[in-house]
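So the structure is just underneath, and the comments pick up after that.
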Amino acid sequence: MQQPGLYFPFIHIRDDDWLKMAALYWPSVRRLVPRGYPKHDSPTAQIFFDAAILRDEVPGNLIGSTTWDLLMTLRENANLLTQNYSIGQAYHKWDGRLWSEQRTVEGDPQLGWIHVTKFPPDVLDYLVSSDLAKLGRGGSSDSWVGLHPALAGAYMTVLAQRLSVRAHFEPLTDQVDLRIATPSSDVQAAMNLLLGRQHAREEIAEGAAETGVEAYVMLALQYARPQNLDGIPAEKIVQCRENLQEDLQTFRDYVDSQRAELAELATIPIQGRKLEAFAEHVEHTVQEPLQKLERGLRLHKLEPTRSLLLAGSFATPLAATVALEAAGATPHAVAGTGTLAAIGSAWWQVESIRARARAGSPVGYLLDVRDLLTPKTLSTRVRKFLSGTYGRG
């Protein structure tokens, strides 16, 4: 069964278009929401929440089950952590970019704020006593923990990875280029300290395998993404998922078959080379099969049409007559020499060929998504069919 996604590092989704794309693949997108927390979701996020695609997970229910021995690692790296990521360092050295999972930031703008429920109690006590965390925002609330922004980002990245391994999620984020949950060099350095130098490589690689799936899927979905994605209603994304369940599962199985290779790509240490490797893999496994499928569909559309026009012996579907009239065909053309019968029958045969061809391809789902999210009017489809260009644009 396909694993749900686990969104990090925030509570609220920051990019609605990213959420639409994620909803086209993952069964659900989970997020860590403290019990009773007042959410302020966008209209798009609310639609996905109502459809049970965006779901909430109570942090305490997950964090209590993890065996992540963070406290011991913190103590082993206490000097370096304090030297580079203390509260004092955040005030004096950070460049002003904000990291906070809370939307409204008041006071202490140099800190990254994380809800207290996302910390094991012993870890929180140690962070506060070591000047690595500040409890309470502006003295008014003990529900938020402030950390150096790099340390906050590293903590949520590691937490998402570890919880994903334990609870069988896929860590997802909308905060980095190409949708790869790989932190910046500063956050990566903090991650190394949080994980412990001795175990950093194994732990990062363990989480990176999940990240590789997100990178691959988000790049692959670019071939199905309409240009005006921001104008596509969330309800249409939900309907698309429902209409294409079988094709979507085929595509998921195809992605699962590549997990080992994606995990290997995700461990490439040089970020630029890693991105290049993912792009090359997507070109080979998605772009090339899509181009081959589309070429085959174009051939199948044109050849049956010519033969049917010559035969002129097929019954005319009523819908085809209506379509031709809607396309602006003259009465003479509609009634003349059996052309209508041939074109009408060819139209339905072509649709059947297209459906079978896409269903037989592991990437056919991407073509279906593109077609459903960029619908053409009936008259436009018929005009393209008559000119031999239907399906090319």
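Here, each number is a calculation from the coordinates, and none is a lab measurement. All figures in this text were calculated on a predicted structure; none of them were measured in a lab. Note that we place each Cβ from the backbone using ideal geometry, even for glycine, and neighbour counts take in every protein chain shown.
3J(HN,Hα) along the range 262-272, derived from phi through the Karplus expression 6.51 cos²θ - 1.76 cosθ + 1.60 where θ = phi - 60°, amounts to 5, 4, 5, 4, 5, 8, 4, x, 8, 4, x Hz, with x in place of Gly and Pro. Karplus-derived 3J(HN,Hα) values for the range 9-18, using 6.51 cos²θ - 1.76 cosθ + 1.60 with θ = phi - 60°, are x, 9, 8, 8, 5, 8, 10, 5, 5, 4 Hz; glycine and proline are entered as x. Remark on L54: its backbone amide H falls under 5 Å from those of V29, F49, a criterion applied only to residues 5 or more positions apart or on other chains, H modelled at 1.01 Å from N. Pairs from the table (K20/K274; K118/K274; K134/K274) lying more than 32 angstrom apart at Cα are K134/K274. Taking GluC sites (Glu not before Pro) across the range 207-263, none is in a DSSP loop with at most 14 further Cβ atoms lying within 10 angstrom of its Cβ.
For the peptides 76-89, 23-36, 155-168, the ranking by mean Cβ contacts within 10 Å, running from highest to lowest, is 155-168, 23-36, 76-89. Remark: the range 275-285, residue by residue, has Karplus-estimated 3J(HN,Hα) of 4, 5, 5, 5, 4, 5, 5, 5, 4, 6, 9 Hz, where x stands for each Gly or Pro and the curve is 6.51 cos²θ - 1.76 cosθ + 1.60 at θ = phi - 60°.
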